[in-house]
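The values are calculated or read from the model by the stated rules, or taken from the named source; none is laboratory data. Given the structure is predicted, the values throughout are model-derived calculations rather than measurements. When we count neighbours, we look across all protein chains shown, and the Cβ atoms used for this are built from the backbone with ideal geometry, even at glycine.
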Amino acid sequence: MASTVNIIDVLNILGNLEDETKNSTRERFYKNYLAKINEPSIILEESQEVYSAYWSAKTNKEMYQNAYGDLVNRLGEITGYNVEYAKYGNRERITGVWKLGSENILNIAAFIPEDVNNLKWVSRHALLVLPEEINLDRPFVTLPKLVDFFNMILQINLPLGSVTNVLSIDNNFDKKLVPTMELVFLAFKKELSSDTPKYSMSAEWSKEELAKLLKSIKEPTREFIKSLVEKPKTAKELYKEMNSRLPEENSLKSPMAIGAIMGALSKHYGGIKEKIVEREGNSYKLVEKYKNALSDLINQ
C-alpha cells in the first residue's frame, strides 16, 4: 500500500483491539487500514511485522494476536470468500468463518502459537492457520503457503470453488497444497507470472538448493544459521552472538526476534521441504543431515 504508516504504527495509535464497544478499535482498524489491503502478498508482509512485534512485546500481546487473526480473515476476503469476523475470545477460539455459497463453509482459527498447549482449546472443526511450521499433533496450514496458493489461483482466475475442497480440516494442508499447486503450475504456466515459484515434490534439500537459499535470505536470517553451525544455542545466546556481527540497522531488538526469524525461514520451505533449523527445548539447532553442507557454504 502506498502509505508511510505501517500496521504497527496503526496498532500503536489504537492502543488495543477490542470489539465490545460502539465504533470499536477493531471496526476502526478494519475500515481505516485492513480494508485497504488488496493483495495477498501484502497480507503476508504485514503478518510478519505483527509476528515480529508480538515476540518483541512485553505487554499487550493480545493486540498483535487479534491483528494476526484479522489479517488472515482479510486474506479470505481478497481471495473471494464471504468472511464473517468472529468475536475476539470466543469459546471455540475461531477467528473467522469463510463461506462460498451455503454449502462451502470453513471455520478459521488463526493464531501465533507462543505455547502449543494453548492450541488444544481451539476447535477441532477449524482450519488452523499458523505463521510458521511447528510440531503439533493436529493438521494446520502455514500462512506463507496459503498466500502462495491463493496468489496462484487469483493469477489464473481459477474458480475458487473448484479448488477450495483442498482446504479440509483432515489433512496436513501444507503438504496437500503443494501437489495441487504443482499441477496448477504445469497446467497454467503460460498464464502465471515469471516470479511464481515452481513447486518441487522433493522434501530433501540439495547442496545447490541450500546455496540458493543462503543467497536469498536476509542478513539476520543468514547470521542465525551461521551462529548454529558450531552447536545448538538458546535465543539469548543467539541474540548476543548475532548482534556482535550484525550492523546496527539490522540488529535484533530482543531475543524474542529469534521466533520471527524462524517464521521468516519457514517461508522458504515451500510447505514440502524439510526444516533446516529446529527447536529442541529452549535451544535452536541445525538439522544434522544439513549441518555439514551449510557449514561448507557459509564458510566459503
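A few notes on this one:
- Listed by position, the helices (runs of 4 or more DSSP H) inside the range 23-94 whose residues that are among the polar types (S, T, N, Q), at pLDDT 90 or above and more than 18 Å from the chain's Cα centre (by Cα) number at least 2 are 25-32.
- Candidates L130, L143, L136, L119 - the one that is under 26 Å from I42 (Cα atoms) and without any contact (Cβ under 8 Å) to a residue 24 or more places away in the chain: L130
- Residue in the range 130-142 that is part of a helix (DSSP H, G or I) and either at pLDDT 55 or above or assigned by TED's automatic domain parsing to the domain that holds N90 (or both) present: no
- Residue within the range 277-300 that is at pLDDT below 90, crowded, with 19+ Cβ neighbours inside 10 Å and of a type in the set (G, A, S) present: no
- Of all the residues in the range 228-252, those that are surrounded by 20 or more Cβ atoms within 10 Å (Cβ to Cβ) and of a type outside the set (K, R) number 6.
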